[in-house]
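Trainee: Below: one structure in structure tokens.
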Amino acid sequence: MATIGILTGGGDCPGLNPVIRAVVRKAYNEGYKVIGIKNGWKGLIELDTMELNLDTISGILPKGGTILGTSRTNPYKKEGAVDKVKANFKKLGLDALIATGGEDTLGVANKLTQDGIPNIVGVPKTIDNDLGSTDFTFGFDTAVNIATECIDRLHTTAESHHRVMVAEVMGRHAGWIAVYSGIAGGADVILIPELPIDVQEVCDIIRKRHARGKIFSIIVVAEGAQFKQKDLITQEKKLDEFGHVRLGGIGEQLAKEVEKITGYETRVTVFGHIQRGGTPTAFDRVLGTRFGVKAVELVKNKKFGKMVALAGNKIIDVPIQEAVKELKTVDMGLYEIAKEFFG
Ligand code: F6P
């Protein structure tokens, strides 16, 4: 009987449990055993595992987060950790590993594939939707729906108080959540990491809007957006094991600038981890399920070093190496559509 290990690494996201459930169910149907590795790569370094069977996955489909736990552990940043990963892979008797994660987790999977653990299959996840080689990652749709609902709620209070409301959404390197939720929520300005912020331009748009009688406005800004000629605004400069700072604070700075320049009362709301929590949408449940089943099929067919991906409405497989080569930033054609509604 073949044994498959599965781990979830990096920031959690709605849809991870549907993937775990699908992997276990498909593996069961194929006669494989599945071992859950806890807390991402950390669990493989520390040999921290849990049993996964039809009982342990029962009822997890609508649950947010991941029953396996997660971490931002990078074995390549810890002395001797890669050797431990290799040794524990053998100790667990794994014939294959399904690594579920974003650019960081799959970046490690890619390195390990080249460093002596060739039998890895990747499953793409991130609310940021910035992973290459797949049209969408699960988690993104849920985050967009939550952010859209929050923007709707800001609208009514903005209108009552004649205020400018700045909504800070997640999106470290790419503004996908900002653009999608901004379009869906009818934002008056959308600011993304891909395009440096010109505060004067933002204020001109808001002033023009006020001049035509609309005395409230909504600005959506991605946490990774940056002012022209200024340093990235962070909560914490210290780098994590994948070289990331902790973002947050751009909304507050922007609100201050907008209020100073326009004289309009401006408030900020940071949506934060609310966007990553809670039950996945039907879209994310279905996508996670399709990815999980396909991942086991790749294991069955010994198509290792591959990541499952969505192309149009088809589930395909692509080399993990290709997927982690370059981040998928916002489609500027889509941003142009969003701009038609600015002001
Ligand atoms: O990568 C997904 C993400 O949600 C980013 O949008 C955000 O910058 C980051 O994770 C936050 O990570 P953490 O929860 O570890 O602070």
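Every read-out reported here was derived from the displayed coordinates using simple, explicitly stated rules and does not represent laboratory data. Owing to the predicted nature of the structure, the values given are computational and were not obtained by experimental measurement. Heads up, the Cβs are rebuilt from the backbone with ideal geometry, glycines too, and the neighbour counts pull from every protein chain shown.
Trainee: Each residue of region 17-31 in order: what ³J(HN,Hα) in whole Hz does its phi give by Karplus 6.51 cos²θ - 1.76 cosθ + 1.60, θ = phi - 60°, with x for Gly and Pro?
Mentor: With coefficients 6.51, -1.76 and 1.60, one gets 5, x, 5, 4, 4, 5, 4, 5, 5, 5, 4, 4, 4, 8, x Hz.
Trainee: May I pose another question? Give me SER217, SER71 sorted ascending by neighbouring Cβ count inside 10 Å, so fewest comes first.
Mentor: So the ranking, lowest neighbour count to highest, is SER71, SER217.
Trainee: Can I ask one more? Could you go through region 242-247 in sequence order and give the Karplus-derived ³J(HN,Hα) for each residue, using 6.51 cos²θ - 1.76 cosθ + 1.60 with θ = phi - 60°, rounded to whole Hz, and x for Gly and Pro?
Mentor: 10, x, 9, 7, 8, 7
Trainee: Rounded to a whole number of µm²/s, how large is the Stokes-Einstein D of region 140-277 at 20 °C and 1.002 mPa s, given Rh as the Kirkwood radius over C-alpha pairs?
Mentor: Value of D from the Cα-based Kirkwood radius: 144 µm²/s.
Trainee: Counting only other residues whose beta carbon sits under 12 Å from that of GLY343, what net charge do I get with K and R as +1, D and E as -1? Numbers along the way, then the final one.
Mentor: Values: positive: ARG207, LYS208, ARG209, ARG212, LYS214, LYS339; negative: ASP188, GLU201, ASP204, GLU340.
Neighbourhood net charge equals +2.
Trainee: Over all distinct Cα pairs, what is the inverse of the mean 1/r for the chain, reported as the Kirkwood hydrodynamic radius in Å?
Mentor: 20.8 Å
Trainee: What does the highest-first list of 165-178, 261-274, 130-143, 329-342 look like by mean Cβ count within 10 Å? Can you show the working numbers first?
Mentor: Values: 165-178: 27.1, 261-274: 16.4, 130-143: 24.0, 329-342: 14.0.
Per-residue Cβ counts within 10 Å, averaged per peptide and sorted highest first, yield 165-178, 130-143, 261-274, 329-342.
Trainee: Provide the descending list of Cα extents for region 184-343 along its principal axes, expressed in whole angstroms.
Mentor: 63, 37, 29
Trainee: At a temperature of 20 °C and a viscosity of 1.002 mPa s, determine how fast region 1-57 diffuses translationally according to Stokes-Einstein, using the Kirkwood radius over alpha-carbon pairs as Rh; express D in µm²/s, rounded to the nearest whole number.
Mentor: 184 µm²/s
Trainee: Now for a different question. If packing is taken as the average number of other Cβ atoms within 10 Å across a peptide's residues, how do 179-189, 249-259 rank, most packed first? Could you put the intermediate results ahead of the total?
Mentor: Values: 179-189: 23.1, 249-259: 19.8.
Order by mean packing, descending: 179-189, 249-259.
Trainee: Amide H to amide H under 5 Å from VAL268: which residues, 5+ apart in sequence or cross-chain, H placed 1.01 Å off N in plane?
Mentor: Counting only residues 5 or more places away or on other chains, the set is VAL166.
Trainee: Sticking with this structure for a sec: For region 73-180, what are Rg and Dmax over the alpha carbons, in angstrom?
Mentor: Reported Rg and Dmax, both Å: 19.8, 64.
Trainee: Using label points projected 7 Å from each Cα along Cα→Cβ, tell me how many nm separate THR157 and GLN229, to one decimal.
Mentor: Here the answer is 3.5 nm between the modelled labels.
Trainee: Let me know the charge dipole size of the chain about its Cα centre in debye, to the nearest 20, where only the beta-carbon of Lys, Arg (+1) and Asp, Glu (-1) is charged. Could you put the intermediate results ahead of the total?
Mentor: Working: 44 positive and 42 negative charges, 148 e Å.
In total the dipole reaches around 720 debye.
Trainee: Would you kindly derive the ³J(HN,Hα) couplings of region 201-207 from the backbone phi angles with the Karplus curve 6.51 cos²θ - 1.76 cosθ + 1.60 (θ = phi - 60°), listing them in order in whole Hz, with x for Gly and Pro?
Mentor: 4, 4, 5, 4, 4, 5, 4
Trainee: Then there's this: Going by amide H atoms built from the backbone, whose H comes under 5 Å of the H on GLY175, apart from near neighbours?
Mentor: Those lying under 5 Å, H to H, from GLY175 are GLU194, VAL330.
Trainee: Quick one, can you get me the convex hull of the C-alpha atoms of region 1-117 expressed as volume per residue in Å³?
Mentor: For region 1-117, the hull spanned by Cα atoms encloses 87 Å³ per residue.
Trainee: Within straight cross-link reach of LYS125, meaning Cα distance under 21 Å, which lysines are found once same-chain residues fewer than 8 apart are removed?
Mentor: LYS26, LYS38, LYS42, LYS63, LYS111, LYS294, LYS303, LYS306, LYS314, LYS325, LYS328
Trainee: Taking amide H atoms as placed 1.01 Å from N in the peptide plane, list the residues 5 or more away in sequence, or in a different chain, whose amide H sits under 5 Å from that of GLY5.
Mentor: The answer is ILE35, ASP95, ALA96, LEU97, ILE98.
Trainee: Under the Kirkwood approximation applied to all pairs of distinct alpha-carbon atoms, what is the hydrodynamic radius of region 257-343 in Å? Write down the numbers at each step before the final one.
Mentor: Details: mean 1/r = 0.0576 Å⁻¹.
For region 257-343, inverting the mean 1/r across all distinct Cα pairs yields 17.3 Å.
Trainee: Starting from the 7 Å offset along Cα-to-Cβ, what nm value, one decimal, do you get for the label separation of THR329 and ILE261?
Mentor: So the two model labels end up 2.1 nm from each other.
Trainee: Provide the FRET efficiency to the nearest 0.05 for the GLU46-GLU79 pair, computing r from the beta carbons and using R0 = 25 Å.
Mentor: 0.95
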